[in-house]
There are 2 protein chains.
Amino acid sequence: MKAVRNWQEGFRWDETELLAYKSDAAHFENITRQLLFNAPHGLSTQLRYFEISPGGFSTLEKHAHPHAVVVLRGTGRVLINSEIHDLAPFDLVTVAPWAWHQFRAEDTSTFGFLCLVNIQRDQPVLPSEDDLAKLRRNSLTSSFIKL
Amino acid sequence: MKAVRNWQEGFRWDETELLAYKSDAAHFENITRQLLFNAPHGLSTQLRYFEISPGGFSTLEKHAHPHAVVVLRGTGRVLINSEIHDLAPFDLVTVAPWAWHQFRAEDTSTFGFLCLVNIQRDQPVLPSEDDLAKLRRNSLTSSFIKL
């Protein structure tokens, strides 16, 4: 890996592959992944860049490991448990352990963000019917969620 | 800490203190630090934002721990051992263990970047007179270095 990898128009980077968001095709739409730093030289985290096309969304999920997020491009929103927040470039998001979370791009914006995770981490859990019923009791949350 | 901390004009963030780069006043100029993520909820790294005013520079140093850097603002240059690279927003830099490195802002640009480090890391080492003599054998490197 080169010491410096330049950014390219369209939010691509030298020597950095454009990846599928996840290996299954369910529970998300219009989202790509680039692994910017794969724990180089003993760094204990990965830094990924996710990009959601207009109207797309990440999986609604929760897990024990935290996320630390820095928005880089466009506008979107995030659901964290019962809260929904507007996001714009350079805003910071902390997703605490076991918080339900889902990112959405605005309908007219490509929305890109950095997301930091420990290399050693657990698998995400998807909501059960019970979990969804609870999340849907709140009308704001209910209208936000996409599956 | 709030789940979302908004970015503010001038590259400040909600609830995020503007800190001195280091506690001593030597070997660097015109640089500030903000600790954006201090290993929240068991994350094993810190994410810092450093900002160098026009003409300023970070300490010329090396250490065992790696750096992963994402440029956010302005233009600058980095020395990594005998190489000097131009940097612009969203460029990625990997500083390998024990590589000499120094960041500089362009004379007309405020230069800001994210820098990722493990929480558990060693202290930086400054160059000896011998190290400086070696770094100065290369005319490009020699004219780059600031102390």
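Could you check the range A:116-138 and list, in sequence order, the residues that are of a type in the set (Lys, Arg), part of a loop (DSSP other than H, G, I, E, B) and either under 15 Å from residue A:102 (Cβ atoms) or open to solvent by 100 Å² or more (accessible area, probe 1.4 Å) (or both)?
Here is the first cut: in the range A:116-138, the ones of a type in the set (Lys, Arg) are A:121, A:134, A:136-137.
Cutting the leftovers down to part of a loop (DSSP other than H, G, I, E, B) gives us A:121, A:136-137.
Passing the criteria: A:136, A:137.
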Have a look at A:16, A:45, A:94 and point out the one that is at the interface with another protein chain (Cβ under 9 Å from one of its Cβ atoms), in contact with a helix residue (DSSP H, G or I) (Cβ under 6 Å, 6 or more places away or on another chain) and crowded, with 16+ Cβ neighbours inside 10 Å.
A:94
Considering only residues that are more than 22 Å from residue A:9 (Cα to Cα) and under 13 Å from the mean Cα position of the chain (by Cα), look in the range A:79-91 and name the one that is surrounded by the most Cβ atoms within 10 Å (Cβ to Cβ).
A:79
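Would you mind finding the one in A:105, A:99 that is under 14 Å from the mean Cα position of the chain (by Cα), small (Gly, Ala, Ser), within 10 Å of another protein chain (Cβ to nearest Cβ) and surrounded by 16 or more Cβ atoms within 10 Å (Cβ to Cβ)?
Details: A:105 fails: within 10 Å of another protein chain (Cβ to nearest Cβ).
Testing whether each residue is under 14 Å from the mean Cα position of the chain (by Cα), small (Gly, Ala, Ser), within 10 Å of another protein chain (Cβ to nearest Cβ) and surrounded by 16 or more Cβ atoms within 10 Å (Cβ to Cβ) leaves just A:99.
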Every residue in the range B:21-41 that is modelled with pLDDT of 95 or more and farther than 23 Å from residue B:75 by Cα, please.
B:37, B:38, B:39, B:40, B:41
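From the set of residues in the range B:22-41 that are in contact (Cβ under 8 Å) with a residue 60 or more places away in the chain and part of a strand (DSSP E or B), which is nearest to the other protein chains (Cβ to nearest Cβ)?
Start the filter on the range B:22-41 by keeping residues that are in contact (Cβ under 8 Å) with a residue 60 or more places away in the chain, which leaves B:27, B:29-30, B:36, B:39.
After this cut, where a residue has to be part of a strand (DSSP E or B) as well, the list is B:29-30, B:36.
Values: B:29: 23, B:30: 21, B:36: 6 Å.
By that ranking, first place goes to B:36.
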Counted residues in the range B:93-147 being within 30 Å of residue A:89 (Cα to Cα) and aromatic (Phe, Trp, Tyr) come to 3
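Which residues, taken from the range B:52-73, are open to solvent by 20 Å² or more (accessible area, probe 1.4 Å) and over 24 Å from residue B:127 (Cβ atoms)?
Here is the first cut: in the range B:52-73, the residues open to solvent by 20 Å² or more (accessible area, probe 1.4 Å) are B:53-55, B:62, B:64, B:73.
Selection gives B:54, B:73.
The values are calculated or read from the model by the stated rules, or taken from the named source; none is laboratory data. In this text, all values refer to a predicted model and were calculated from it rather than measured experimentally. Methodologically, a virtual Cβ is constructed for each residue, glycine included, from the backbone with ideal geometry; neighbour enumeration extends over all protein chains shown. Areas reflect the complete protein model, heavy atoms only, side chains present, ligands, DNA and RNA absent. Shrake-Rupley method; radii C 1.70, N 1.55, O 1.52, S 1.80 Å.
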